[in-house]
Amino acid sequence: MMTSQQIRQQFLDFFQSKQHLIVPSAPIVLKDDPTLMFSNSGMTQFKDYFLGYQEPKSVRIADSQKCLRVSGKHNDLDDVGRDTYHHTMFEMLGNWSFGDYFKEEAIDWAWELLTEVYKIPKENLYVSIFEGDASENLDKDTEAQNFWKKFVTEDRIINGNKKDNFWEMGESGPCGPCSEIHVDLRSEEEKAKISGRDLVNNDHPQVVEVWNLVFMEFNRKADGSLENLPAKHIDTGMGFERLCMALQGKSSNYDTDVFSPLIEKVEQLSGVKYTGILENEKDIAIRVLVDHIRAVSFAIADGQLPSNNGAGYVIRRILRRAISYSYRFLDMKTPFLFELVAVLKNQMGDYFPELSKQEKLITEVIKEEEISFLKTIEYGLIRLDAIIKETQKSGKSVLPGAEVFELYDTFGFPADLSRIIAEEKQLSIDEKGFEEEMLKQKTRSKKDSTSKVQDWVILDEKPQEFVGYDTLETETSINRYRKIENKDGEFFQIVLSKSPFYAEGGGQIGDRGFIENINGEFEILETRRENNLIVSLIKNLPEDPTAVFYAKVNADLRKNTEANHSVTHLLHEALREVLGTHVEQKGSFVGPDYLRFDFSHFSKMSEEELQTIEQMVNKKVKANIALQEFRNIPIKEAMEKGAMALFGEKYGDNVRMIQFGDSRELCGGTHVKSTAEIGHFKILSESSTAAGIRRIEAISGEKSQEYFAGLEVEMKNLNQLLKTKDVEKSVQNLIAENAQLKAEVEQFKKEKAKEEIHIWKTEYITKENFQILVKKTSMDAATVKDLVFQLKKETPKSISIILSDADQKPMISVGVSADLESDYNAGNLVKDLAKEIQGGGGGNAGFATAGGKKLEGLENAFQKALSII
């Protein structure tokens with residue numbers, strides 16, 4: 001039996017024999033395509049070739065591309081674990097033709113590889129072709145049908161509709177009819193009962209699509225219409241995991257050696273045996289875990305850390321889904337998923353070296369995320385228990401949908417876990433209320449992110465030229481423009497024939513400036529890169545966009561930005577010297593006012609380390625080291641010169657290398673001509689952003705001068721204020737004096753509180769089975785808390801509600817004595833009262849507090865509390 005590694009290599013060897021250039025997988029995380037977060041197909045990295053924005057390095061290419069499908073049109077997340085063949089992260093084996101061969105060769109070679117190299121029995125294969133679509137004015141693909149007739153009988157050629165046999169990457173972009181190849185893996189006995197033809201595209205787990213041959217002919221425009229591409233291309237995608245299932249004689253992708261080592265590790269760590277049963281909840285959980293750990297690991301290796309927004313939120317959601325499944329169905333209450341990373345690295349690290357290189361970082365990030373989310377689950381269980389008790393106490397059997405949604409949305413507590421626990425208590429959830437809240441959230445998100453983008457109006461087809469490395473001003477014209485509308489208003493995007501404006505990338509912000517001619521000046525608000533085009537944003541389109549313009553970059557902003565960018569290179573070098581070569585850049589922001597540099601390191605830096613780093617960088621700044629720039633050199637040559645390449649970045653065959661002395665990095669940004677132009681470097685802070693990731697924020701140049709000038713003014717003001725030249729000694733005296741006064745105040749508070757509590761005890765009002773106190777005070781929160789706990793302890797069957805306005809800030813504290821906690825919940829009481837002060841808070845059944853924004857609302861809260869009496 002062939003291993004998965006051998007299967008992958010045979011594919012690449014076959015197409016290499018057909019004169020295809022073998023290229024490595026592109027990063028799974030996309031950084032310069034506004035239409036996609038992740039590579040969701042093999043063709044993503046070649047999109048510019050299809051659109052004609054870039055010349056391909058070869059007209060024939062083959063590769064194995066790592067892909068992720070968890071959002072948008074292509075979203076397999078909900079199917080993962082519940083069947084045998086859907087995945088979030090998967091490999092797509094593909095061969096490509098850019099204006100070279102077309103349908104006949106693609107079909108011939110696909111058949112040859114599957115039947116002669118991989119030896120799949122011909123009688124097990126079915127093919128489908130596009131049947132046409134009248135609404136799009138698209139004809140049936142009889143050309144592909146005739147080519148297939150050389151190999152299969154007509155009863156094995158199936159007509160497919162637009163959904164199945166017209167491939168599109170997204171809402172817009174390259175597309176075209178496709179021909180799918182399906183393999184029937186059933187037993188001979190099953191095949192005799194029903195034809196495989198009747199099971200194609202019907203979600204049968206043993207009759208699956210294994211290869212899709214896309215005949216790329218069209219471009220889907222923003223308005224939904226189709227236009228012909230400049231040339232016809234071939235884009236094929238074969239699911240690696242499904243191919244392994246077919247060739248290894250398995251009935252499930254998860255039974256192949258792509259997943260079996262990971263499953264064995266989960267069995268070992270959890271003590272749960274995997275049976276492979278489709279409906280078994282424990283088996284579903286194990287399939288989810290081994291799938292999701294691959295997706296998360298590859299994303300982190302490519303530079304995308306879990307976070308609360310964008311692509312980072314998607315990765316965090318996948319990881320939390322895995323943790324939730326392990327918690328609920330495998331009873332794993334402690335972190336363990338991080339231990340799967342080493343297994344994955346051993347499996348795939350040879351072909352995907354980023355897994356080996358980033359193993360420690362991936363492991364630490366996943367472990368920290370597990371620890372954090374398990375705490376969230378524990379907190380959510382406590383909060384859910386309070387909601388359940390309140391519901392039961394009211395005599396209802398349905399949990400409020402809004403409160404369950406709040407648990408999900410605010411705290412990340414899985415909604416399906418809430419449902420399971422509710423069912424165990426013979427309760428249900430108000431699903432309509434939950435969905436209404438979900439819809440509100442989606443509407444808010446959509447409103448914030450929605451933008452209308454028109455199609456490009458093309459004035460000139462000539463390639464764009466970036467001249468911003470050499471000049472900040474140039475004569476130019478507009479090649480294309482389009483109107484966009486977003487929440488900020490109506491704007492226009494323009495593509496200049498010659499652009500001096502650097503497009504945001506590599507952490508460096510895009511240039512601003514203006515274009516002008518005799519008819520007026522038009523401000524460039526931002527510059528970004530999209531599909532290899534430098535796109536600048538303006539508020540108003542010139543009356544005559546075909547005119548000649550003069551483009552000027554804002555020189556001051558560029559100069560300060562360049563200083564901050566160049567100093568990040570020096571900082572990177574210094575960090576590696578001081579902390580070790582494990583340090584690698586993991587993100588950056590470079591603007592005119594400050595810089596932010598994220599890097600891999602697993603402990604907080606000491607003050608001594610920070611001072612050493614700062615001194616090393618400033619030494620190189622003062623050394624006036626000249627910039628050495630190597631443009632358009634082969635990447636192999638750059639690496640031989642010692643250039644640093646960042647994982648997760650997409651590099652071409654030719655690259656640009658920036659060198660300041662011993663600092664050598666692949667970089668497309670703009671830089672100072674000499675380190676002396678940086679002026680001075682100052683670290684402002686060092687902190688953690690994620691497990692294993694540290695962040696330095698710093699300034700240079702003019703901002704550094706302003707910083708020290710400000711310190712000097714502050715020191716003079718302190719000297720005058722303290723009437724001394726020895727500021728340090730004066731401050732020490734003030735601290736000592738303040739500590740003494742503070743101790744005296746605290747003692748006074750305690751004495752006053754002792755007097756107050758005796759009075760409060762006499763003011764309880766007796767109800768049927770308990771005592772209640774509602775009281776206003778101006779005492780601070782800490783004192784009130786001490787008093788409430790003393791009252792809880794010394795006054796049986798009591799509820800204490802104390803409303804405080806200390807420091808003009810409303811605060812409500814509720815205490816319930818231990819003997820009443822089964823009947824009354826302090827957290828629920830305080831939540832209800834906090835609405836009057838526009839606040840929120842929390843606690844447990846015995847004690848809870850809430851702060852708010854509306855001081856005048858305390859009176860309403862007081863009256864509301866009295867109404868309980």
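Structural remarks
- Of the residues making up the range 328-341, those that are within 23 Å of the chain's Cα centre (by Cα) and either over 30 Å from E378 (Cα atoms) or surrounded by fewer than 22 Cβ atoms within 10 Å (Cβ to Cβ) (or both) are P335, F336, F338, E339.
- Y85 being in a loop (DSSP other than H, G, I, E, B) and in contact with a helix residue (DSSP H, G or I) (Cβ under 6 Å, 6 or more places away or on another chain): yes
- Among residues of the range 136-167, those that are part of a strand (DSSP E or B) and surrounded by 18 or more Cβ atoms within 10 Å (Cβ to Cβ), counted: 6
- Of all residues making up the range 575-593, the number that are of a type in the set (G, A, S) and not in a strand (DSSP E or B): 2
- Filtered by the rule that a residue be of a type in the set (S, T, Y) and either more than 26 Å from E794 (Cα to Cα) or not in a loop (DSSP other than H, G, I, E, B) (or both), the range 811-866 gives S813, T849.
- Matching residues, the range 834-869, being among the small types (G, A, S), within 13 Å of K809 (Cα to Cα) and over 35 Å from the mean Cα position of the chain (by Cα): G857
- Hey, A676 outside any helix (DSSP H, G or I), of a type in the set (A, V, I, L, M) and within 30 Å of P500 (Cα to Cα) or not: no
- Members of the range 551-574 that are of a type in the set (D, E, K, R) and either part of a strand (DSSP E or B) or under 15 Å from G468 (Cβ atoms) (or both): K552, R558, K559, E562
- Filtered residues of the range 692-723 (kept if part of a helix (DSSP H, G or I) and under 42 Å from the mean Cα position of the chain (by Cα)): G701, E702, K703, S704, Q705, E706, Y707, F708, A709, G710, L711, E714
- If you go through the range 529-550 and keep only what is assigned to a strand (DSSP E or B) and over 30 Å from Q45 (Cβ atoms), you end up with I538, V548, F549, Y550.
- V404 vs. criteria aliphatic (A, V, I, L, M), on the phi < 0 side of the Ramachandran plot and in contact with a Pro (Cβ under 6 Å, 6 or more places away or on another chain): no
- If the condition is being in contact (Cβ under 8 Å) with a residue 40 or more places away in the chain, assigned to a helix (DSSP H, G or I) and surrounded by 15 or more Cβ atoms within 10 Å (Cβ to Cβ), then the range 407-428 contributes L417, I421.
- Residue that is touching a Ser or Thr at 6+ places or on another chain (Cβ under 7 Å) and either assigned to a loop (DSSP other than H, G, I, E, B) or charged (D, E, K, R) (or both), where the choices are V214, V258: V258
- Exactly one residue out of E189, E217 is under 30 Å from V453 (Cα atoms), among the acidic types (D, E) and either touching a helix residue (DSSP H, G or I) at 6+ places or on another chain (Cβ under 8 Å) or modelled with pLDDT of 90 or more (or both): that is E217.
- Per the listing E562, E577, the residue uniquely in contact (Cβ under 8 Å) with a residue 12 or more places away in the chain and more than 30 Å from I478 (Cα to Cα) is E577.
- Residue in the range 233-242 that is in contact (Cβ under 8 Å) with a residue 40 or more places away in the chain, under 17 Å from S128 (Cα atoms), in contact with a helix residue (DSSP H, G or I) (Cβ under 7 Å, 6 or more places away or on another chain) and among the polar types (S, T, N, Q) present: yes
- Flag for S225 being within 29 Å of the chain's Cα centre (by Cα), assigned by TED's automatic domain parsing to the domain that holds L93 and surrounded by fewer than 22 Cβ atoms within 10 Å (Cβ to Cβ): no
- The range 317-331 residues that are closer than 10 Å to L374 by Cβ, paired with ones that are in a helix (DSSP H, G or I) and charged (D, E, K, R) (beta carbon under 7 Å, 6 or more apart): I323/E370
- Cβ pairs under 8 Å, 6+ apart, first in the range 128-145 and in the same structural domain as V200 (by TED's automatic domain parsing) and on the phi > 0 side of the Ramachandran plot, second in a strand (DSSP E or B) and crowded, with 16+ Cβ neighbours inside 10 Å: G132/L138
- Cβ pairs under 7 Å, 6+ apart, first in the range 1-27 and of a type in the set (A, V, I, L, M), second part of a helix (DSSP H, G or I) and modelled with pLDDT of 95 or more: M2/L247; I7/L243; I7/C244; I7/L247; I22/L12; I22/Q16
- Candidate set from the range 348-406 (those that are surrounded by 17 or more Cβ atoms within 10 Å (Cβ to Cβ) and among the acidic types (D, E)); member that is nearest to A299 (Cα to Cα): E354
- Sub-8 Å Cβ pairs linking a first residue in the range 513-538 that is farther than 20 Å from E490 by Cα to a second residue that is among the β-branched types (V, I, T) and part of a strand (DSSP E or B), at least 6 apart or interchain, are N517/V548; L533/V495, ordered by first then second residue.
- Evaluated against (1) acidic (D, E); (2) at pLDDT 95 or above; (3) under 30 Å from D291 (Cβ atoms), D78 falls short on exactly one condition, (2).
- One residue stands out among those in the range 520-560 that are of a type in the set (S, T, Y) and surrounded by fewer than 18 Cβ atoms within 10 Å (Cβ to Cβ): the one that is nearest to L595 (Cα to Cα), which is Y550.
- The listed residues are S674, S663, S685, S704, and the only one of them that is assigned by TED's automatic domain parsing to the domain that holds N618, of a type outside the set (K, R), surrounded by fewer than 13 Cβ atoms within 10 Å (Cβ to Cβ) and out of contact with any Phe, Trp or Tyr (no Cβ under 6 Å at 6 or more places or on another chain) turns out to be S685.
- In the set D470, D455, only one residue is more than 21 Å from R220 (Cα to Cα) and either assigned by TED's automatic domain parsing to the domain that holds K539 or acidic (D, E) (or both); that residue is D470.
- Some residue of the range 473-496 being without any contact (Cβ under 8 Å) to a residue 12 or more places away in the chain and under 30 Å from M644 (Cα atoms): no
- Test for I658: is it assigned by TED's automatic domain parsing to the domain that holds K619, touching a helix residue (DSSP H, G or I) at 6+ places or on another chain (Cβ under 8 Å) and within 23 Å of E609 (Cα to Cα): no
- When we screen I509, I524 for residues that are aliphatic (A, V, I, L, M) and under 24 Å from the mean Cα position of the chain (by Cα), the only hit is I509.
The values are calculated or read from the model by the stated rules, or taken from the named source; none is laboratory data. Bear in mind the structure is a predicted one, so any value in this text is a computation, not a measurement. Cβ coordinates were reconstructed from backbone atoms using ideal geometry, including for glycine residues, and neighbour counts include every protein chain displayed.
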